[in-house]
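Notes follow the structure.
The values are calculated or read from the model by the stated rules, or taken from the named source; none is laboratory data. Small disclaimer: the values here were computed from a predicted structure and weren't measured. In this analysis, Cβ positions are derived from the backbone assuming ideal geometry, glycine residues included, and neighbour counts consider all displayed protein chains. Note: areas computed on protein heavy atoms with side chains; ligands, DNA, RNA excluded. Shrake-Rupley method; radii C 1.70, N 1.55, O 1.52, S 1.80 Å.
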Amino acid sequence: DVKVTQSSRYLVKRTGEKVFLECVQDMDHENMFWYRQDPGLGLRLIYFSYDVKMKEKGDIPEGYSVSREKKERFSLILESTSTNQTSMYLCASRNPGQGASGELFFGEGSRLTVL
Amino acid sequence: DQQVKQNSPSLSVQEGRISILNCDYTNSMFDYFLWYKKYPAEGPTFLISISSIKDKNEDGRFTVFLNKSAKHLSLHIVPSQPGDSAVYFCAAASGTYKYIFGTGTRLKVLA
């Protein structure tokens, strides 16, 4: 059974704290993604990684950075959290062989609340 | 500027009847369209997709229709079941890795 696992399901942080969200996939996928989901806004792409050590900014990268040191692991880093980063964060992976038609496999999400 | 719109935030349907979820888009360059289903406290799961060169794709109870001239996409679920109650997102593929998601439609199937 294929799986994308996000390390933290629920987090509560104070403004200015650092947050590290980790995502691990067991499907040997080259492509990995970080999205955030907000009511009325759908899913918005934060960062995309083609492969190990390769990344592309998505539509809303400000305030975020990422790390992809190993193929199976893609981390999202919030260096100094702000209240507008309160959101549901979703990690996904994809087999690039199918191109744009390839389905995304999502993790269960990490709900971050910044006070 | 939302390139992919789901104008109905919610929909209620009786069990056994047809559910029709709609999606409109603005960019005629999208290559693929996909539908995802999301249950509370879970990540979205892929449901069905359609290439921009086709107008229909069917998988069991799920059929997606694409009307390119109207830039409109719809998902039909027949017959609807209570287990189909979830939030449905349509997404359009733009380039090799960008997916533009709609805001979602919450479907409630009443037993």
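Would you please name the residue that is modelled with the lowest pLDDT, looking only at residues in the stretch B:4-24 that are of a type in the set (Val, Ile, Thr) and part of a strand (DSSP E or B)?
B:4
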Fill in the blank from the handout: Of the candidates A:42, A:16, the one satisfying the condition of being at positive phi, modelled with pLDDT of 95 or more and more than 11 Å from the chain's Cα centre (by Cα) is A:16
Problem - Restricting the stretch A:48-72 to residues that are open to solvent by less than 20 Å² (accessible area, probe 1.4 Å) and within 12 Å of chain B (Cβ to nearest Cβ), the residue that is nearest to residue A:87 (Cα to Cα) - result: A:58
Practice task
Return a yes/no flag: does the stretch B:87-108 have any residue that is small (Gly, Ala, Ser), open to solvent by 30 Å² or more (accessible area, probe 1.4 Å) and modelled with pLDDT of 95 or more.
Solution key: no
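Going by what's in this entry, would residue B:49 be described as in contact with a Phe, Trp or Tyr (Cβ under 7 Å, 6 or more places away or on another chain) and at negative phi? Lay out the reasoning, then the answer.
Numbers: in contact with a Phe, Trp or Tyr (Cβ under 7 Å, 6 or more places away or on another chain): yes; at negative phi: yes.
Yes; evaluated as a whole, the condition is true for this residue.
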Exercise for the section: Name the single residue, out of those in the stretch B:69-87 being in contact (Cβ under 8 Å) with a residue 60 or more places away in the chain and of a type outside the set (A, V, I, L, M), that is farthest from residue A:39 (Cα to Cα). Expected result: B:79
Fill in the blank from the handout: With criteria (1) more than 11 Å from chain B (Cβ to nearest Cβ); (2) under 23 Å from residue B:49 (Cα atoms); (3) not in a strand (DSSP E or B), residue A:34 comes up short on (3)
Handout entry: Search result, residues across the stretch A:97-115 that are within 8 Å of another protein chain (Cβ to nearest Cβ) and either among the polar types (S, T, N, Q) or within 24 Å of residue B:51 (Cα to Cα) (or both)
Key = A:99, A:100, A:101, A:103, A:104, A:105, A:106
Practice task
Would you mind telling me which numbered condition in (1) assigned to a strand (DSSP E or B); (2) more than 14 Å from chain B (Cβ to nearest Cβ); (3) open to solvent by 50 Å² or more (accessible area, probe 1.4 Å); (4) not polar (S, T, N, Q) residue A:76 fails?
Solution key: (3)
Problem - Residues satisfying the stated conditions in the stretch A:1-42, i.e. open to solvent by 30 Å² or more (accessible area, probe 1.4 Å), within 28 Å of residue A:100 (Cα to Cα) and basic (Lys, Arg) - result: A:3
